[in-house]
Amino acid sequence: MDLMKTLVASTAICAASAASAVELEVTHWWTSGGEAAAVAEFAKAFNETEHTWVDGAIAGSGGTARPIIISRILGGDPMHATQLNHGRQAEELVEAGLMLDLTDVAEAEGWADVVNPVRLLDACTLDGRVYCVPVNIHSPQWLWLSHDAFEKAGLDVPSDWFQFVDAAPALKEAGVVPLAMGQQSWQTNLAFGAIMVAVGGTDLYVDILTNKNADAAASAEMTKVFEAFAAARLLSEGSNVQDWNQATNLVITGKAGGQIHGDWAQGEFQVANQVAGEDYTCLPGLGVNEIIATGGDAFYFPKTDDPEITAAQKELASLMISKEVQVAFNLKKGSLPIRGDVDLSAANDCMKKGLAILAAGNVLPDGVNSFSADTDGQINDLMVEFWNDTSITVEDAQARYADIIANAD
Ligand code: GAL
């Protein structure tokens, strides 16, 4: 009888799950080697359920993908799940009632107790309801250095940005481009932000990026930041690449000495089988001010009126934040997991540095959390123009920057 009951029950479960097996289209902009390896961990875990992951990778970077993602949702052709960054990018979509409310899953699984720092969950929350699942912590303030390149120049690997700048002439002489820089405008702005934290310090950074203080943007401390950025733009001559991962590749192959870039660069070193501390060195806060920002990625699930899809969307959200998937995904992505209760014994040198900084609480509010997409766009444009046109003076650039901050929203 007991056996009979079990059989009946398991047949019912099979029938229920077979009936609810669905395909979910998931969009993201993870198309570099390291990114693709990381997102494959999500797909693998989801495909191990009865459901199917339909990959909707969008080539380019966030700047290309975000408008496509948002216009599909607004235009009534939504995907079932999508990557966006932590912060305000989905604000209007959530306000318009277009995103699935994940509060029941978040409460059942105690997300508020496991997400660390908890403000990553706050960024998913509107009026007490949870609309996204944070999946990682990424920080842009890193300097990636090629051991090969410094060996070619007969130099030790620098331990901070200032030593790196001093090493540039010897690198050039050895036929190495000192600083790799891709031409997407957000890359130059990312480097500017990293230099701002290193040279200008945390208070100045927060005052401008969080408080939107235009006087701080026009200050003498900020002039020093612009001067350092102006010096940096002279180091990238010969770095004729577009995408960030092509710039990382110049470092991996020893054609460039370094790159200022986010820790997603680490995924590229990993797929190239390079070892942190042996083949390359990563310096958080450019080795000057060891601090990280807690930006990163979150997944949102556009609402549908199909209950089977809704159930599968919640299942995917739950998987993405689960312990094993957090470890598998983040080890490949180069990011830190968003929960502290996971086994990170396999972490490499760079992830360990990031974890130690996070544990010490040396974290910045991320710029993307406080500026609108429009303000970010204006700053990106200014930075790439300044980088590429050396006739623009520090004074001019700083005045334009202070003006953007004065009108920032
Ligand atoms: C960021 C994203 C990272 C990343 C990078 C480059 O917006 O948070 O995960 O991979 O873009 O594609």
Exercise for the section: Please state which one of Q259, Q270, Q266, Q326 is within 16 Å of the ligand (Cβ to nearest atom), surrounded by fewer than 22 Cβ atoms within 10 Å (Cβ to Cβ), within 20 Å of the chain's Cα centre (by Cα) and in contact (Cβ under 8 Å) with a residue 24 or more places away in the chain. Expected result: Q270
Handout entry: Single condition G361 does not satisfy, out of (1) within 19 Å of W264 (Cβ to Cβ); (2) open to solvent by 20 Å² or more (accessible area, probe 1.4 Å); (3) without any contact (Cβ under 8 Å) to a residue 60 or more places away in the chain
Key = (1)
Completion exercise
Selection over the stretch 214-241 where residues are more than 25 Å from the chain's Cα centre (by Cα) and open to solvent by 40 Å² or more (accessible area, probe 1.4 Å) yields a count of 10
Exercise for the section: Tell me which residues, restricted to the stretch 103-113, are open to solvent by less than 30 Å² (accessible area, probe 1.4 Å) and in contact (Cβ under 8 Å) with a residue 24 or more places away in the chain. Expected result: T103, V105, A106, W111
Problem - the stretch 339-366, residues that are part of a loop (DSSP other than H, G, I, E, B) and either at positive phi or of a type in the set (V, I, T) (or both) - result: V342, G361
Practice task
Inspect all residues belonging to the stretch 216-223 and state whether any of them is of a type in the set (D, E, K, R), out of contact with any Ser or Thr (no Cβ under 8 Å at 6 or more places or on another chain) and at pLDDT below 95.
Solution key: no
Fill in the blank from the handout: Note on the stretch 330-362: residues over 14 Å from D263 (Cα atoms) and within 16 Å of the ligand (Cβ to nearest atom) are I338
Practice task
Please identify the pairs in which a residue from the stretch 280-305 that is over 14 Å from W161 (Cα atoms) and outside any strand (DSSP E or B) has its Cβ atom under 8 Å from the Cβ atom of a residue that is of a type in the set (D, E) and within 16 Å of the ligand (Cβ to nearest atom), counting only partners at least 6 apart or on another chain.
Solution key: T294/D366
Handout entry: Subset of the stretch 286-314 [farther than 25 Å from I70 by Cα and either more than 14 Å from the ligand (Cβ to nearest atom) or of a type outside the set (A, V, I, L, M) (or both)]
Key = L286, G287, V288, N289, E290, I291
Exercise for the section: Search the stretch 34-68 for residues being β-branched (V, I, T) and more than 12 Å from the ligand (Cβ to nearest atom), and hand back the single one that is nearest to I321 (Cα to Cα). Expected result: T49
Practice task
Pick out the one residue from E227, E237 that is among the charged types (D, E, K, R), in contact (Cβ under 8 Å) with a residue 60 or more places away in the chain, closer than 12 Å to V177 by Cα and assigned by TED's automatic domain parsing to the domain that holds F164.
Solution key: E237
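From the list R129, R88, which one is surrounded by fewer than 18 Cβ atoms within 10 Å (Cβ to Cβ), of a type outside the set (D, E) and within 16 Å of the ligand (Cβ to nearest atom)? Don't jump to the end; show me each part of the working.
Details: R129 fails: within 16 Å of the ligand (Cβ to nearest atom).
Only one candidate passes the filter, namely R88.
The values are calculated or read from the model by the stated rules, or taken from the named source; none is laboratory data. This structure is a prediction, so every number in the text was calculated from the model and none was measured. Note that each Cβ is placed from the backbone with ideal geometry, even for glycine, and that neighbours are counted across all protein chains shown. Remember, those area values only see protein heavy atoms, side chains included, never the ligands or the DNA or RNA. Shrake-Rupley method; radii C 1.70, N 1.55, O 1.52, S 1.80 Å.
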